[in-house]
There are 2 protein chains.
Amino acid sequence: MKIVCSKDQLLEGILITQKAVPPRTTLPILQGILFDCRDHSLYIRATDLEIGIECRVEAEIVEKGWVVLDSRLLGEIVRKLPPEEVEITVNEGNIAEIKCANSRFRLQGQSGEEFPQLPQVDGEKSLSMPQDLLKGMIRQVVFACAVEETRPILTGALIECSRGELSMAALDGFRLAVRTAKLDSLNDGIKAVVPAKTLNEIQRILKDTQDNVKIEFTGSHVLFGLENTRVISRVLEGEFINYRHIIPDEYGTSIRLKNIDLLESCERASLLAREGRNNLIKLNITRDVLEITSNAEIGEVREELAVETEGKDLEIAFNSKYLTDALKVIEDEYVNIEFTTSVSPCIIKPEESETYTYLLLPVRVLS
Amino acid sequence: MKIVCSKDQLLEGILITQKAVPPRTTLPILQGILFDCRDHSLYIRATDLEIGIECRVEAEIVEKGWVVLDSRLLGEIVRKLPPEEVEITVNEGNIAEIKCANSRFRLQGQSGEEFPQLPQVDGEKSLSMPQDLLKGMIRQVVFACAVEETRPILTGALIECSRGELSMAALDGFRLAVRTAKLDSLNDGIKAVVPAKTLNEIQRILKDTQDNVKIEFTGSHVLFGLENTRVISRVLEGEFINYRHIIPDEYGTSIRLKNIDLLESCERASLLAREGRNNLIKLNITRDVLEITSNAEIGEVREELAVETEGKDLEIAFNSKYLTDALKVIEDEYVNIEFTTSVSPCIIKPEESETYTYLLLPVRVLS
């Protein structure tokens, strides 16, 4: 095998692919990156057997072949090479020689044959959407996925297409985040739960561009296809919770206020909530004043915000992290929060857009 | 006690002072910052009993007093306050009320009386120099201080004034870094070993300005005085090594090359040196070519650089970290390296400036 490519393009491909390399593994070959140029192009590939990432890198293929090279070391080497052409030659013993300007590395590799293949995803069902839209949807939803594995299905987000609308939803027993989007052409009947880990990796790879990403689904896998990159992941098995009926459609109290003001007040109140180790902040709505309080052994905090209120006065308590998580991903200047009672879930919505809904359970406190 | 000051100035003072707060301590009061406004100004102060930092913060003193507040929590609170005026009131129970815009915090503090006093440093001997010069000197020297405490005196750098020259020197048994500077007015006879930890903190506080810093010495302490900040540290006791006689003044081989080229080649070679766990890189000078090699079980690297050589060919090996440490702090475009034999120390000097000398011991290798 012998190839010539630019340092920058090679590095970009390695950095993307490396995201699939497991930090620890009992299968040493997975700590490698596969260089596959058995055809007319160079593909580099890595996988932890759950997620696989493949990048096509512009390269002149002088001699076809394949090899697996240590991901971490290779990444560090290529990063430190001068910005020139890189020549990689692999001999029959899988020893790779990497030449660039006056540098020459020799690295022991492994045969490409030993590297696991990525599953075929043939795209029975698929959809295309702008990269920036998918990136934004993931950002607004993925943090609400469950972290603990007690109910594995909740460690992923449900992606669903029905009635001309794409929706992404995640919930962890304390809160629910749902984002919807209208797309031009939609393949009805798509329904898959994609692991949060996959969505987080995809979010890092997606660019803030309206160029499309194509998403293909089979019963067991999902494939995200970008221009030069393909990410393949298994989907989670099982039935997702039917969350739509738990979103209340009536409220007793509704407030409207600036998102940034609420976020900053909650963050300050969190400082003591965290000291108290329970993360608890109390919201007290009295006419057009929202008071946020929190206390701990070392002290207490009281924040006062002017709000527009509709309905009854109310006292309610939340885990401050669950509240700020949502405020951080809402881009509108104003938010509306709708409450029913102090022991039932509230709904946070950006004022201008109908496409995001965040439901949050309160914490019961003895007052 | 009652004071009013701006959020930004208060935060700046807290951030500087916090550097003296110990991360762990058996004396809980040291995790606090003392607010001392018993006079017409606000001084905030912290110490770990080795280093003490005091900042004067612009404030309106409405009522005199003092209090100790938890450093970490206070820092987080002030950082998150809106950029407005901050009012701090302390009642007789040492409870501080911090008000800013619509936020109100109450924090349990401790009496200022319980906070340790900083030592008096009356400045029997002193010198003044531009902040940026001191900052640069520390940067070029302090990394060569010993980390291990087997010879405590080597965990500091020697600051000395003699024959109209200020010098700073550090050595750890493997390398020696010396930086000198001519100053206008010098107090001959200054000789003190300042802990590396103090110098590192001072380096962070110093600004890239030609404004002066005044350094005062007593037998046991040193004081660095800036406009609004004073840093007081103990000095190390004992006799520093007389390093001047270990710097060779003759050489058998000398090379001249671009600093950045050598640094980058060494960094690439280090990647495998590190894999080999001994950090060993070999330099081979053959006429006007410098070859740098390193190897490990997984592979090897060879770098080739054009150099201007004077004297004999030479093969020598180094711990790559000790070599790159020096190259990183040399600002000149070209460096000269002078060698005697493959088992005696070499000298690295910036080409243009006479003020920096770095001596490095080679590693003996069986070749």
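The values are calculated or read from the model by the stated rules, or taken from the named source; none is laboratory data. These numbers come from a predicted model, not from an experiment. Virtual Cβ from ideal backbone geometry, glycine too; neighbours counted across all protein chains shown.
In table form, for the structure just shown:
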{"quantity": "Residue in region A:7-22 that is within 26 Å of B:Glu303 (Cα to Cα), surrounded by 16 or more Cβ atoms within 10 Å (Cβ to Cβ), at pLDDT 95 or above and of a type in the set (Val, Ile, Thr) present", "calculated": "yes"}
{"quantity": "Number of the exception - B:Ala20 against (1) within 26 Å of A:Glu267 (Cα to Cα); (2) in contact (Cβ under 8 Å) with a residue 24 or more places away in the chain; (3) part of a loop (DSSP other than H, G, I, E, B)", "calculated": "(1)"}
{"quantity": "Sole exception among (1) within 16 Å of A:Thr47 (Cα to Cα); (2) at pLDDT below 95 for A:Phe115, by number", "calculated": "(2)"}
{"quantity": "Meets criteria (part of a strand (DSSP E or B), modelled with pLDDT of 95 or more and either outside the structural domain of A:Lys135 (by TED's automatic domain parsing) or at positive phi (or both)) for A:Glu267", "calculated": "no"}
{"quantity": "Which listed residue, of B:Val121, B:Val78, is more than 14 Å from chain A (Cβ to nearest Cβ) and β-branched (Val, Ile, Thr)", "calculated": "B:Val121"}
{"quantity": "Filtered residues of region B:66-117 (kept if under 17 Å from A:Ser294 (Cβ atoms), under 34 Å from the mean Cα position of the chain (by Cα) and in a loop (DSSP other than H, G, I, E, B))", "calculated": "B:Leu81"}
{"quantity": "A:Val57 being within 14 Å of A:Asp8 (Cα to Cα) and either polar (S, T, N, Q) or more than 12 Å from chain B (Cβ to nearest Cβ) (or both)", "calculated": "yes"}
{"quantity": "Residue within region A:215-232 that is touching a helix residue (DSSP H, G or I) at 6+ places or on another chain (Cβ under 7 Å) and farther than 13 Å from A:Pro130 by Cα present", "calculated": "yes"}
{"quantity": "Members of region B:248-265 that are over 14 Å from B:Ala306 (Cα atoms) and touching a residue at least 12 places away in the same chain (Cβ under 8 Å)", "calculated": "B:Pro248, B:Glu250, B:Tyr251, B:Gly252, B:Thr253"}
{"quantity": "Enumeration of residues in region B:85-101 that are within 12 Å of chain A (Cβ to nearest Cβ) and either under 27 Å from B:Gln203 (Cβ atoms) or of a type in the set (D, E, K, R) (or both)", "calculated": "B:Glu97, B:Lys99"}
{"quantity": "Members of region B:92-107 found to be of a type in the set (S, T, N, Q) and farther than 14 Å from A:Glu300 by Cβ, listed by number", "calculated": "B:Asn94, B:Asn102"}
{"quantity": "Residue that is nearest to the other protein chains (Cβ to nearest Cβ), among those in region A:287-311 that are over 19 Å from B:Asn94 (Cβ atoms) and outside any strand (DSSP E or B)", "calculated": "A:Val307"}
{"quantity": "Residue list for region A:40-65, restricted to those being part of a loop (DSSP other than H, G, I, E, B) and crowded, with 21+ Cβ neighbours inside 10 Å", "calculated": "A:Ala59"}
{"quantity": "Output for region A:229-262, where each listed residue is within 30 Å of A:Lys282 (Cβ to Cβ), more than 14 Å from chain B (Cβ to nearest Cβ) and either part of a strand (DSSP E or B) or of a type in the set (A, V, I, L, M) (or both)", "calculated": "A:Ile241, A:Ile246, A:Ile247, A:Thr253, A:Ser254, A:Ile255, A:Arg256"}
{"quantity": "Filter result for B:Asp188 (in contact (Cβ under 8 Å) with a residue 12 or more places away in the chain, surrounded by fewer than 17 Cβ atoms within 10 Å (Cβ to Cβ), touching an Asp or Glu at 6+ places or on another chain (Cβ under 6 Å) and part of a loop (DSSP other than H, G, I, E, B))", "calculated": "no"}
{"quantity": "Filter result for A:Thr209 (outside any strand (DSSP E or B), out of contact with any Asp or Glu (no Cβ under 7 Å at 6 or more places or on another chain), assigned by TED's automatic domain parsing to the domain that holds A:Glu160 and farther than 30 Å from A:Glu338 by Cβ)", "calculated": "no"}
{"quantity": "Some residue of region A:263-274 being surrounded by fewer than 18 Cβ atoms within 10 Å (Cβ to Cβ), in contact with a Leu (Cβ under 7 Å, 6 or more places away or on another chain) and either within 14 Å of chain B (Cβ to nearest Cβ) or farther than 30 Å from B:Ser71 by Cα (or both)", "calculated": "yes"}
{"quantity": "Unmet requirement for B:Glu85, which otherwise passes all of (1) surrounded by fewer than 16 Cβ atoms within 10 Å (Cβ to Cβ); (2) at pLDDT below 95", "calculated": "(2)"}
{"quantity": "Sole residue being touching an Asp or Glu at 6+ places or on another chain (Cβ under 9 Å), more than 14 Å from chain B (Cβ to nearest Cβ) and aliphatic (A, V, I, L, M), chosen from A:Ala144, A:Ala170", "calculated": "A:Ala144"}
{"quantity": "Qualifying residue in region A:236-245 (condition: closer than 30 Å to A:Pro116 by Cβ and touching a strand residue (DSSP E or B) at 6+ places or on another chain (Cβ under 6 Å))", "calculated": "yes"}
{"quantity": "Any hit, region A:220-229, residues being more than 30 Å from A:Ser41 (Cα to Cα) and either surrounded by fewer than 19 Cβ atoms within 10 Å (Cβ to Cβ) or at pLDDT below 95 (or both)", "calculated": "no"}
{"quantity": "Residue check, B:Arg175 crowded, with 17+ Cβ neighbours inside 10 Å, over 15 Å from the mean Cα position of the chain (by Cα) and among the basic types (Lys, Arg)", "calculated": "yes"}
{"quantity": "Any pair with Cβ under 7 angstrom, 6 or more apart, that starts in region A:195-218 at a residue that is more than 22 Å from A:Asp184 (Cα to Cα) and touching a residue at least 40 places away in the same chain (Cβ under 8 Å) and ends at one that is among the small types (Gly, Ala, Ser) and crowded, with 21+ Cβ neighbours inside 10 Å", "calculated": "A:Pro195/A:Gly156; A:Pro195/A:Ser233; A:Ala196/A:Gly156; A:Ala196/A:Ala157; A:Thr198/A:Ser233; A:Leu199/A:Ala157"}
{"quantity": "Residue count, region B:118-140 (criterion: part of a loop (DSSP other than H, G, I, E, B) and farther than 30 Å from B:Thr26 by Cβ)", "calculated": "3"}
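Listed here are the residues, each with its yes/no results for (1) closer than 30 Å to A:Leu280 by Cα; (2) modelled with pLDDT of 95 or more; (3) assigned by TED's automatic domain parsing to the domain that holds A:Ser344; (4) β-branched (Val, Ile, Thr).
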| site | (1), (2), (3), (4) |
| --- | --- |
| A:Ala144 | yes, yes, no, no |
| A:Thr155 | yes, yes, no, yes |
| A:Met168 | yes, yes, no, no |
| A:Asn187 | no, no, no, no |
